[in-house]
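K.L.:
Structure provided below as structure tokens; questions to follow.
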Amino acid sequence: MTDIPSQTESALAAIAAADSLDALEAERLETLGKKGWVSLALKTLGGMTPEERSAAAPAIQSARARVAEALDMKKAALEAAALAEQLARETIDLTLPAPAAPRGSVHPVSQVMDELAEIFAELGFAVATGPEIEDDWHNFTALNMDETHPARAMHDTFYFGHNQRNAAGGQMLLRTHTSPVQIRAMIDQGAPIRIIAPGRVYRSDSDATHTPMFHQVEGLVIDKGIHLGHLKWTLETFFKAFFEREDIVLRLRPSYFPFTEPSVEVDVGYSNEGGRRVVGGHGDAPGHAWMEIGGSGMVNARVLEFAGLDPKEWQGFAFGLGIDRIAMLKYGMNDLRAFFDGDPRWLAHYGFSPFDQPTLSAGVGARA
Ligand code: DAH
């Protein structure tokens, strides 16, 4: 039979003398560890008669409590000492200037895409996407531009090599517009449908107002009894919300697109004073001009057929807007090429804080 009280006293002395957390841990294992003497003594209680147990238990329990408490207190003391020592050793020179926090910003194109999604969500539009590497059937044929259609040549298309074809034998290309997403969405979801599809598009073209890659947003509404009035209302409602002014003027010009009938081009009045900006009032006023920002029209019956819908049952309208152009008009930028230069000074000036989340209540274009 071990002498619990004297074992306890020597354990307490060893704990008091421990000068490191490692030494303390060794002492814990020797006492309260699985094979420590306190644990083993506790185990012997199981084999005792009730009388023996009530005689032996209090000494063992109190040994366990005293050792555990001493371990805890010594551990806290050693940790506090280690922290104090570390604080004394490490110094911070508060006279040094604060480092410039590296600060990123949200690109105006991303910001405008978020604004578009927010405004159109309120009008019941979902966001759809499609691949940037497209095949000629989705990009052209299903949009009523067969192989001999002159509009194909007007698109300055980047084609992949002749032998790069998909399983259906389609010629692969970089999509020249977001319109193929109309086809994909109608085939996937059927009608009725209400979507926008923002994204990158590619054309072999470059000057102050054209870059080989740019951004469009496609819109598509297919339902029953849809007419041009719905299209005009939707565009006007969108632009008033987007530019945050009631007095913007849209000009719809009769035009031609193979995938719409009738087709209109959409212009918005702007002024060049102090950077290009959308202005209220008429684009024909002095100092004002019209900027073409997209095309639209009633979806051509042949396009509905290509997408598997019955044109006698379903009608709809579509539009395609240049995101970069409406961003320029909203935020007063002059050169499209600067959008894609990646110049940090331009981004610092025109970029947005990640906290500027567009919301309808705070204003979709509000800068914090
Ligand atoms: N896809 C056309 C382009 O890039 C723009 C366009 C015109 C889209 C009319 C449409 C539309 O949806 O209805 O030039």
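K.L.:
Return the carbon/sulfur percentage of the accessible area of the chain, one whole number, probe 1.4 Å, all protein chains in place.
P.N.:
Working: 10990 of 19550 Å².
That fraction is 56 percent.
K.L.:
What is the spin-label model distance, in nm, from R345 to T49 if the labels are put 7 Å beyond Cα along the C-beta direction?
P.N.:
Simple spin-label model gives 9.8 nm for this pair.
K.L.:
Also, quick follow-up: Please list 44-52, 26-34, 348-356 highest first by mean number of surrounding beta-carbon atoms within 10 Å per residue.
P.N.:
26-34, 348-356, 44-52
K.L.:
Highest mean first, what order results for 70-81, 320-331, 152-163 on Cβ atoms within 10 Å? Provide the component values of the computation, followed by the final result.
P.N.:
Working: 70-81: 14.4, 320-331: 23.2, 152-163: 12.6.
Descending mean neighbour count gives 320-331, 70-81, 152-163.
K.L.:
Evaluate the distance, in nm, between pseudo-label points positioned 7 Å from the Cα of M213 and of L42 along their respective Cα→Cβ axes.
P.N.:
Inter-label distance under the simple model: 6.5 nm.
K.L.:
So what's the back-of-envelope 222 nm ellipticity for the chain, counting only DSSP H runs of four-plus at -39500 (n - 2.57) apiece and dividing by all residues, rounded to 500?
P.N.:
The per-residue figure over the chain is -12500 deg cm²/dmol.
K.L.:
Using 5 Å bins from zero, what percent of all Cα-Cα pairs in segment 4-89 falls into each bin?
P.N.:
3, 14, 23, 20, 14, 10, 7, 5, 2, 1, 1, 0
K.L.:
Tell me, what HN-Hα J-couplings in whole Hz come from the Karplus equation 6.51 cos²θ - 1.76 cosθ + 1.60 at θ = phi - 60° for each residue of segment 261-266, using x for Gly and Pro?
P.N.:
With the stated coefficients, segment 261-266 comes to 7, x, 10, 9, 9, 10 Hz.
K.L.:
Below 8 Å between Cα atoms, with a sequence gap of 6+, how large is the relative contact order for segment 108-350 in percent? Let's see the in-between values first.
P.N.:
On the way: 487 pairs, mean separation 49.0, N = 243.
The value is 20 percent.
K.L.:
Here is a further query. Pull out the extension gain between E30 and L83, defined as 0.36 nm times the separation in residues minus the alpha carbon to alpha carbon distance; nm, one decimal. Numbers along the way, then the final one.
P.N.:
Numbers: separation 53, 0.36 × 53 = 19.08 nm, distance 2.65 nm.
Gain on stretching E30 to L83: 16.4 nm.
K.L.:
Separate question: Can you figure out the FRET efficiency of M154 with S353, using R₀ = 35 Å and their beta-carbon distance, to the nearest 0.05?
P.N.:
Numbers: r = 40 Å, r/R0 = 1.15.
Efficiency computed from Cβ-Cβ geometry: 0.30.
K.L.:
Turning to a different aspect of this structure: Per-residue HN-Hα couplings for segment 343-350, Karplus 6.51 cos²θ - 1.76 cosθ + 1.60 at θ = phi - 60°, whole Hz, x for Gly and Pro?
P.N.:
Listing the rounded values in order: 6, x, 5, 5, 5, 5, 7, 9 Hz.
K.L.:
So, counting K/R as plus one and D/E as minus one, what does the shell of residues with Cβ under 11 Å around D207 add up to?
P.N.:
Counting the neighbours of D207, the net charge comes to -1.
K.L.:
If one computes the Cα centroid of segment 160-235 and of segment 14-35, what distance in Å separates the two points?
P.N.:
If we compute the Cα centre of each part, the gap is 72 Å.
K.L.:
May I ask you to list the lysines whose Cα is less than 30 Å away from that of K35, ignoring any residue fewer than eight positions away on the same chain?
P.N.:
Result set, ordered by chain and number: K43, K74, K75.
K.L.:
If amide H atoms are built 1.01 Å from N in the plane of the peptide, which residues on other chains or at least 5 residues away come under 5 Å of the amide H of N300?
P.N.:
T260, E261
K.L.:
A further question on this structure: Given a cut-off of 32 Å, what percent of all Cα-Cα pairs of the chain lie beyond it? Provide the component values of the computation, followed by the final result.
P.N.:
Working: 36179 of 67528 pairs.
I get 54 percent for the Cα pairs in the chain exceeding 32 Å.
K.L.:
Fully extended, how many nm does the chain gain between E122 and A13 (0.36 nm per residue separation, minus their Cα-Cα distance)?
P.N.:
Working: separation 109, 0.36 × 109 = 39.24 nm, distance 7.40 nm.
Extra length available between E122 and A13 comes to 31.8 nm.
K.L.:
Related question: What whole-number value in Å² describes the accessible area per residue of the chain for a 1.4 Å probe? It would help to have the intermediate numbers written out before the result.
P.N.:
On the way: 19550 Å² over 368 residues.
Per-residue value: 53 Å².
K.L.:
Put +1 on the Cβ of each Lys and Arg and -1 on the Cβ of each Asp and Glu in segment 34-154; which of G36, T95, M48 then has its Cα farthest toward the positive end of the dipole?
P.N.:
Final value for the positive-end residue is M48.
K.L.:
Another one. Starting from 0.36 nm per residue, how many nanometres of slack lie between A76 and L360 once their C-alpha separation is accounted for?
P.N.:
Stretched out fully, the A76 to L360 stretch lengthens by 96.9 nm.
The values are calculated or read from the model by the stated rules, or taken from the named source; none is laboratory data. Note that the structure is a prediction, hence the values are computed from the model and not measured. Counting neighbours? That spans all protein chains shown, and the Cβs are built from the backbone with ideal geometry, glycine included. To get the accessible areas, we keep the full protein, side chains included, count just its heavy atoms, and leave off ligands, DNA and RNA. Shrake-Rupley method; radii C 1.70, N 1.55, O 1.52, S 1.80 Å.
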